[in-house]
1. Within segment 116-133, is there a residue that is free of Cβ contacts under 8 Å to residues at least 12 places away in the same chain and within 16 Å of residue 83 (Cα to Cα)?
2. Would you be able to tell me the number of residues in segment 36-55 that are in contact (Cβ under 8 Å) with a residue 24 or more places away in the chain, in a strand (DSSP E or B) and under 20 Å from residue 76 (Cα atoms)?
3. Would segment 53-71 turn up any residue that is modelled with pLDDT under 95, closer than 26 Å to residue 145 by Cα and touching a strand residue (DSSP E or B) at 6+ places or on another chain (Cβ under 6 Å)?
4. Here is a list: 27, 35, 43. Which entry is surrounded by fewer than 14 Cβ atoms within 10 Å (Cβ to Cβ), farther than 25 Å from residue 145 by Cα and at pLDDT 90 or above?
């Protein structure tokens, strides 16, 4: 009898763990900003997609928000113009919290990026934009991709 209770408890715990891991960002609303330490200007717009502009005068910081992606992949486009020493990094984590995209564009490199994430779990994704010593401007455009 004890073995059956122990087994039932183990199955219940593993089921709850699996269920909660699929809801990594479920407590947040679509396009809800989770962190904004960026000292420059940044905006978030769009309906199904997440897009926006950012500007800076040597500004640094992180801007993170939750984005609802009903697909297993996303198309990521960004364009950055910055003076020497500046950079823009975009990181995407899927609904399970797994990193599916991580690209940095430092000054001096091709400032335009267009690509796709690795496959991940559809649902609420975390988008993190890290801007370092940004002395210029840029745009980002993130859309569901199948």
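The values are calculated or read from the model by the stated rules, or taken from the named source; none is laboratory data. Small disclaimer: the values here were computed from a predicted structure and weren't measured. Here the Cβ positions follow ideal geometry from the backbone for every residue, glycine too, while neighbour counts run over all protein chains shown.
1. Initial filter on segment 116-133 (free of Cβ contacts under 8 Å to residues at least 12 places away in the same chain): none.
No, that holds for no residue.
2. 7
3. yes
4. Going through 27, 35, 43 in turn, just one is surrounded by fewer than 14 Cβ atoms within 10 Å (Cβ to Cβ), farther than 25 Å from residue 145 by Cα and at pLDDT 90 or above: 35.
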